[in-house]
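Here's the structure, in structure tokens; my notes come after.
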Amino acid sequence: MDLGALLDLADKYVQELPPLVSTPQEPRGEQIAAYIDHTLLKPEATAEQVKSLCQEARQHRFAAVCVNPVYLPLARGLLESSGVKLCAVVGFPLGASMATQKAFEALACLEAGATEIDMVMAIGALKGEAYGQVLNDIQGVVQVAHNQGAIVKVILETAALTLREKVIACLLSKEAGADFVKTSTGFGAGGATVEDVALMARVVAGALKVKAAGGIRSYSDALGMIRAGAARIGTSSGVRILQEALA
């Protein structure tokens, strides 16, 4: 799809969104673990904290562990043969790196053991209507990741975007071949909302999945996001969420 057609579609969706492709099935009890990306991205995170994160993920069989790239070698060893996926962030948290830098960083992360990449899109370029730049930025990471059998989640930072910008960001991510769109870094002005997850799920219409992240701290929070269409939950509160689900 050329950019003109994509923008026309975005304007159509701003007026009337397509319906949700399917009604999500709610997880019960321990099933919630398969939705959780157990996350530690604070700049002050230590190796000991990453070890605890990985041990919890192994114990509870979370979907993935998400860490900053510097901790990939450590996490890779700790998660070996566990079935827990290893996710790294790229262009994090601002999305303001050059596209070539993001692609290089993604490749380095994959070589260090990552099987999933959560990249921050070029937020300023999107708001400046440099849509070709945004598309190329995502495509560069997607190509590197897909060549190595990894998946890409594009972080939109929804709290910084207008409704139209959210729609365009989802359509650009879809056009670039990404696997997920993700709400937030957790470092922005706001985190995931049910409304944004529902919007994103309807725009991508099953072609991509949706990851909700930012401020999700309870089982009730997580269920709300899943009901709205989220297939993954990025949170540092995975153990608490699971405990509440089992209570």
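Computed from the coordinates by the stated procedures, all read-outs in this text should not be read as laboratory data. Predicted model, so just to flag it, every value in this text is computed and none were measured. Virtual Cβ from ideal backbone geometry, glycine too; neighbours counted across all protein chains shown.
Summary table
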| quantity | calculated |
| --- | --- |
| Sorted by Cβ density within 10 Å, fewest first, the residues Val21, Val50, Val141 | Val21, Val50, Val141 |
| Footprinting exposure proxy for Tyr35, Tyr219 (fewest neighbouring C-beta atoms within 10 Å first) | Tyr219, Tyr35 |
| Square roots of 5 times each gyration tensor eigenvalue, C-alpha, the stretch 113-185, largest first, Å | 21, 12, 9 |
| Unit charges on C-beta of K, R, D, E only; dipole of the chain, Debye | 440 |
| Of every Cα-Cα pair in the stretch 3-105, the percent that sits beyond 16 Å | 68 |
| Furthest towards positive pole of dipole, Thr158, Gly113, Val181, structure part the stretch 95-197, Cβ charges | Thr158 |
| Among Ala145, Ala125, Ile32 the positive-end extreme of the charge dipole of the chain (Cβ point charges) | Ile32 |
| Alpha-carbon Rg with Dmax, taken over the stretch 28-69, Å | 10.8, 34 |
| Inter-part distance where the stretch 90-144 and the stretch 16-81 are each reduced to a Cα centre, Å | 20 |
| Percent RCO, i.e. relative contact order, over the chain, from Cα pairs under 8 Å lying at least 6 residues apart | 21 |
| Relative contact order for the stretch 60-194, counting Cα pairs under 8 Å that sit 6 or more residues apart, in percent | 21 |
| Residue exposure sequence - Met121, Met225 - by fewest surrounding Cβ within 10 Å | Met121, Met225 |
| Cα-based equivalent ellipsoid of the stretch 54-212: semi-axis lengths in Å, sorted from largest, via gyration tensor | 25, 17, 14 |
| In the stretch 37-78, the GluC sites (Glu not before Pro) that fall in loop regions by DSSP, at most 15 other Cβ within 10 Å | Glu44 |
| Cys residues of the chain counted as unpaired, since no other Cys beta-carbon is under 4.7 Å | Cys54, Cys109, Cys170 |
| FRET efficiency, 1/(1 + (r/R0)^6) with R0 25 Å, evaluated for Glu111 and Arg164 via beta carbons | 0.10 |
| Where labels lie 7 Å past Cα in the beta-carbon direction, separation of Ala45 and Ser81 in nm | 2.5 |
| Of Lys85/Lys174; Lys51/Lys182; Lys85/Lys182; Lys51/Lys211, pairs whose Cα-Cα distance is over 19 Å | Lys85/Lys174; Lys51/Lys182; Lys51/Lys211 |
